[in-house]
Amino acid sequence: MTCPRCEGELGEHPARSRMSVEREERICADCGLDEAVRESSELAPIPPNEWPVRRSA
Ligand SMILES: [Zn+2]
């Protein structure tokens, strides 16, 4: 399984993306954390049509 948001490993504990409530898209824990950080920073979330996101790390 790969994460649709970053194309990395989905891992054993996928998160549910805030961006895709209807589809219940599963994203990896790192992406779930990234969405939470963006939300807490009042940044707009990255919409699914701009996935996969290239991570700089
Ligand atoms: Zn991911």
What is the local net charge at L43, summed over the other residues whose Cβ is closer than 12 Å to its Cβ (Lys, Arg +1; Asp, Glu -1)?
-> -3
What ranking, highest mean first, results for peptides 37-45, 5-13 when packing means the other Cβ atoms within 10 Å averaged over each residue?
-> 5-13, 37-45
Cβ-based net charge around M1, under 15 Å, with every Lys or Arg adding one and every Asp or Glu removing one | -3
Tell me, in nm to one decimal, what length is gained between A29 and M1 on full extension, where the rule is 0.36 nm per residue of separation less the Cα-Cα distance?
-> 8.8 nm
Taking the Cα atoms of the stretch 1-45, what is the range of coordinates along each of the three principal axes, in descending order and whole Å?
-> 30, 21, 15
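The numbers here are math on the coordinates, done by the rules we state, and not lab data. Remember, it's a predicted structure, so these values are computed and weren't measured experimentally. As a convention, Cβ positions derive from the backbone with ideal geometry for all residues, glycine included, and neighbour counts pool all protein chains shown.
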